[in-house]
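Trainee: The structure that follows is given in the form of structure tokens.
Each reported figure results from applying straightforward, stated rules to the coordinates on display, with no laboratory input. Because the structure is predicted, anything quoted here is derived from the model rather than measured. Cβ sites come from the backbone with ideal geometry, for glycine too, and all protein chains shown count toward neighbours.
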Amino acid sequence: MAKKVILKKGKEKSLMRKHLWVFSGAVKFADVQIQPGETVDIVDSNGSVLAKGSYSPHSQIRARVLSFNLNEKIDRDFFERKIEKAVAYRKQLPQLKGTDSYRIIFSESDGLPGLIADKYGDYIVCQFLSAGAEYFKETIVEILVEKLKPKGIYERSDVSSRSKEGLKFSTGLLWGEAPPEKIEITENGLKFFADVYNGHKTGFYFDQRENRAEVAKYANGKSVLNCFSYTGGFGIYALNAGAESLVNIDSSQSALDLTLENIKLNGLPETNVENIRGDAFAELRKLIEEGRRFDLIILDPPKFIDSKKHITSGARAYKDINMLAFKLLNPGGRLVTFSCSGHMNFELFQKVVADAALDAGVNAKITAALRQGVDHPVSTNFPEAFYLKGLVVSI
Ligand code: SAH
């Protein structure tokens, strides 16, 4: 007999719409002996089984649905099917031509809650973010080895959300050869070194790939400011597209150092590149005072809103940084601005950018809306997976 989680009356509604999460407040009863991450039947108050899911006893998200098909066994074959599907989907994407590194598994969006797998050339870097993903770790690693034949698989489960699942940080080699300290990857024909051991996320922001290509379209002959530049992504695309000059701003010296290496790696000129280490808010103010101006500005800040209660304060930070950027634009210039805060919806983001333009005293026109890359799809029954929004704005 499968172990059970029984929902309170009326709490089956979201599951009926095929949403994938069961919150702790919806649960009336759970069998006592369920192991963290074990698969359970999710049952409504009338006793009907609605789905199979993995149980997270310590988390507010008490269960994550694995299958609505009650005949489907959650076994090795199940994970094999899901992984095969995720791999096949990405193989046929035209946006990934000329790219050897991207996200292979994006958690709920690929039907594998809590599992992230990123391909860096011949290596894979994984994050196991839920009790369920952790429970099936060995099986998942075995399948990745079999299907993708990597040289090595490295774990980067050093993410604060693990603590909500009652899991400790976990990093290290899971299989095969350890990846090089600086692994060389190719994205849209450009080369980058990524640090999968200490870098952000698993080492690189794959989610901006198509947006970097979009920015490149506007860069020829332009003075470019890449703010929150990390290891140089947007700026290197801009230089490659013929940008006249580039200023990078980031608070991380190691990210700025790697940016210079990445410029060299692509044989691009460093003569008109300036790296500024510091707080972007303060540095943009300084640039305004110095009378510096730019034709093209990219703003890709870290997540300013990490929970609902920070929406107001986070929105203010987004407004301030966008206002400063607008003030730094030459007439006819362009701002490409992002928010990766899932709690900020597109409507609010557009309003914040509009308020920033108003405060900066510029007439701004939105010319395009951008989003996370194709390897970070959003399942229609799981809109929470949509987090990265961008706007191209001309003045
Ligand atoms: N655009 C990058 C990703 C940016 S991630 C890319 O395409 O790869 C956000 C970056 O902001 C990180 O590199 C982080 O070091 C930097 N950062 C965070 N807070 C900052 C601050 N207050 N001022 C400047 N940089 C900051």
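Trainee: Could you give each residue of the range 250-259 its phi-based ³J(HN,Hα) in whole Hz, using Karplus coefficients 6.51, -1.76, 1.60 with θ = phi - 60°, and x for Gly or Pro?
Mentor: After applying 6.51 cos²θ - 1.76 cosθ + 1.60, I find 7, 7, 9, 5, 5, 5, 5, 4, 5, 4 Hz.
Trainee: ALA63's amide H: which non-local residues (gap 5+, or another chain) put their own amide H closer than 5 Å, with H modeled 1.01 Å from N in plane and none for Pro or chain starts?
Mentor: Amide H neighbours of ALA63: VAL22, SER56.
Trainee: Would you mind ranking ARG156, ARG293 so that the residue whose beta carbon has the fewest other beta carbons within 10 Å leads the list? List each step's numbers first, then the result.
Mentor: Working: ARG156 22, ARG293 16.
Least to most surrounded, the residues fall as ARG293, ARG156.
Trainee: Can you give me the orientation-averaged projected area of the convex hull built on the Cα atoms of the range 278-383, in nm²? List each step's numbers first, then the result.
Mentor: Details: hull surface 30.9 nm².
Projected over every direction and averaged, the Cα hull of the range 278-383 covers 7.7 nm².
Trainee: Students often forget the sequence filter, so: which aspartates and glutamates lie under 18 Å Cα-Cα from LYS52 once same-chain residues fewer than 8 apart are removed?
Mentor: Straight-line reach from LYS52, under 18 Å: GLU12, ASP31, GLU38, ASP41, ASP44, GLU72, ASP75, ASP77, GLU80, GLU108, ASP110, GLU134.
Trainee: Report for the chain the percent antiparallel among DSSP-assigned beta bridges with both residues inside it, nearest 5. Each step should come with its number before you reach the end.
Mentor: Values: 49 of 75 bridges.
Percentage antiparallel, nearest 5: 65.
Trainee: Between the range 1-63 and the range 296-319, how far is it from one alpha carbon centroid to the other, in angstrom?
Mentor: Taking the Cα centre of each part, the range 1-63 and the range 296-319 sit 34 Å apart.
Trainee: Listed here are the pairs LYS182/LYS308; LYS18/LYS147; LYS97/LYS151; LYS13/LYS365; which of them are more than 32 Å apart at the Cα?
Mentor: On the way: LYS182/LYS308 36 Å; LYS18/LYS147 29 Å; LYS97/LYS151 21 Å; LYS13/LYS365 41 Å.
From the list (LYS182/LYS308; LYS18/LYS147; LYS97/LYS151; LYS13/LYS365), the Cα-Cα distance tops 32 Å for LYS182/LYS308; LYS13/LYS365.
Trainee: Another question, then. Would you mind checking which residues have amide H under 5 Å from ASN330's amide H? H placed 1.01 Å from N; only 5 or more apart, or other chain.
Mentor: It is PHE294, ASP295, by chain and number.
Trainee: Mind listing the long-range amide H neighbours of LEU174? Cut-off is under 5 Å, sequence gap 5 or more, other chains count too, H placed in the peptide plane at 1.01 Å from N.
Mentor: Answer set, sorted by chain and number: ILE153, TYR154, GLU155.
Trainee: Here's something else I'd like to know. Once you put a point 7 Å from the Cα of GLU384 and another 7 Å from the Cα of ASP355, both along the Cβ direction, what distance in nm separates them?
Mentor: About 2.6 nm, to one decimal.
Trainee: If I take all pairs of Cα atoms in the range 1-124, what percentage of them are more than 22 Å from each other? Don't skip to the end; give the middle numbers.
Mentor: Details: 3094 of 7626 pairs.
When every Cα pair of the range 1-124 is considered, 41 percent fall beyond 22 Å.
Trainee: When the Cα centres of the range 247-276 and the range 367-391 are compared, how far apart do they sit, in Å?
Mentor: 28
Trainee: Which residue, GLN33, GLN208, GLN253, has the most motion in a Gaussian network model of the chain that connects Cα atoms within less than 10 Å?
Mentor: GLN33
Trainee: Just the C-alpha atoms of the range 263-308: what Rg/Rh do they give, with Rh taken as the Kirkwood radius? Spell out each step's value before the answer.
Mentor: On the way: Rg = 14.5 Å, Rh = 13.6 Å.
Taking Rg over the Kirkwood Rh, I get 1.07.
Trainee: Taking every pair of distinct Cα atoms and averaging 1/r, then inverting, what Kirkwood hydrodynamic radius in Å comes out for the range 225-264?
Mentor: On the way: mean 1/r = 0.1020 Å⁻¹.
Value: 9.8 Å, from the Cα pair sum.
Trainee: Provide, for q = 0.23, 0.30 Å⁻¹, the log10 of I(q)/I(0) from a solvent-free Debye sum over equal Cα point scatterers in the range 289-339.
Mentor: -0.83, -1.12
Trainee: To continue, here is another question. Using the Cα centre of the chain as the reference point, and only Cβ charges (+1 on K/R, -1 on D/E), how large is the resulting charge dipole? Debye, rounded to the nearest 20.
Mentor: Details: 54 positive and 49 negative charges, 274 e Å.
Once rounded to the nearest 20, the dipole reads 1320 debye.
Trainee: Only four residue types carry charge here, +1 at the Cβ of Lys and Arg and -1 at the Cβ of Asp and Glu. Report the dipole size of the range 262-395 about the Cα centre in Debye, rounded to the nearest 20.
Mentor: Working: 17 positive and 15 negative charges, 41 e Å.
Dipole of the range 262-395, to the nearest 20 debye: 200 debye.
Trainee: Could you give the length gained by full extension between GLU146 and ASN46, i.e. 0.36 nm per residue of separation minus their alpha carbon distance, to one decimal place?
Mentor: Value of the extension gain: 31.8 nm.
Trainee: Assign unit charges at the C-beta atoms only (+1 for Lys and Arg, -1 for Asp and Glu), then state the dipole size of the range 1-148 relative to its Cα centre in Debye, rounded to the nearest 20. Show your work: numbers first, answer last.
Mentor: Details: 24 positive and 19 negative charges, 145 e Å.
Rounded to the nearest 20 debye, it is 700 debye.
Trainee: For ARG293 and SER14, FRET efficiency with R0 = 41 Å and r from the beta-carbon atoms, rounded to 0.05? Numbers along the way, then the final one.
Mentor: Details: r = 50 Å, r/R0 = 1.21.
For R0 = 41 Å, the calculated efficiency reads 0.25.
Trainee: Let me ask you something else. Pick from PHE29, PHE349, PHE128: which is most flexible by mean-square fluctuation in a GNM of the chain where alpha carbon atoms under 10 Å apart are linked?
Mentor: Evaluated over the chain, the most mobile residue of the options is PHE29.
Trainee: Testing the spin-label approximation: label points 7 Å from Cα along Cα→Cβ at GLN95 and ALA369. State their distance in nm.
Mentor: Spacing of the two 7 Å Cα→Cβ label points: 1.5 nm.
Trainee: I want the antiparallel fraction of DSSP beta bridges within the range 45-199, as a percent rounded to 5. Kindly include the intermediate steps, with their values, before the conclusion.
Mentor: Values: 26 of 30 bridges.
Antiparallel bridges: around 85 percent, rounded to the nearest 5.
Trainee: So which of LYS351/LYS389; LYS286/LYS327; LYS9/LYS73 end up more than 18 Å apart, counting from Cα to Cα?
Mentor: Values: LYS351/LYS389 13 Å; LYS286/LYS327 12 Å; LYS9/LYS73 27 Å.
Checking Cα-Cα distances, LYS9/LYS73 exceed 18 Å.
Trainee: For GLU274 and LYS73 in one chain, what is 0.36 nm times their gap in residues minus the Cα-Cα distance, to one decimal in nm?
Mentor: Working: separation 201, 0.36 × 201 = 72.36 nm, distance 5.61 nm.
Working it through step by step, the gained length comes to 66.7 nm.
Trainee: Continuing with the same structure: With just the Cα atoms of the chain, tell me how far they stretch along each of the three principal axes, in Å, largest first.
Mentor: Principal-axis extents of the chain (Cα, largest first): 71, 46, 34 Å.
Trainee: Still on this structure: How big is the Rg/Rh ratio for the range 118-171, C-alpha atoms only, Rh by Kirkwood, two decimals?
Mentor: On the way: Rg = 11.5 Å, Rh = 11.5 Å.
Reported Rg/Rh (Cα atoms, Kirkwood Rh): 0.99.
Trainee: Something else: Taking every pair of alpha-carbon atoms in the range 204-246, give the share separated by more than 15 Å as a whole percent.
Mentor: 30
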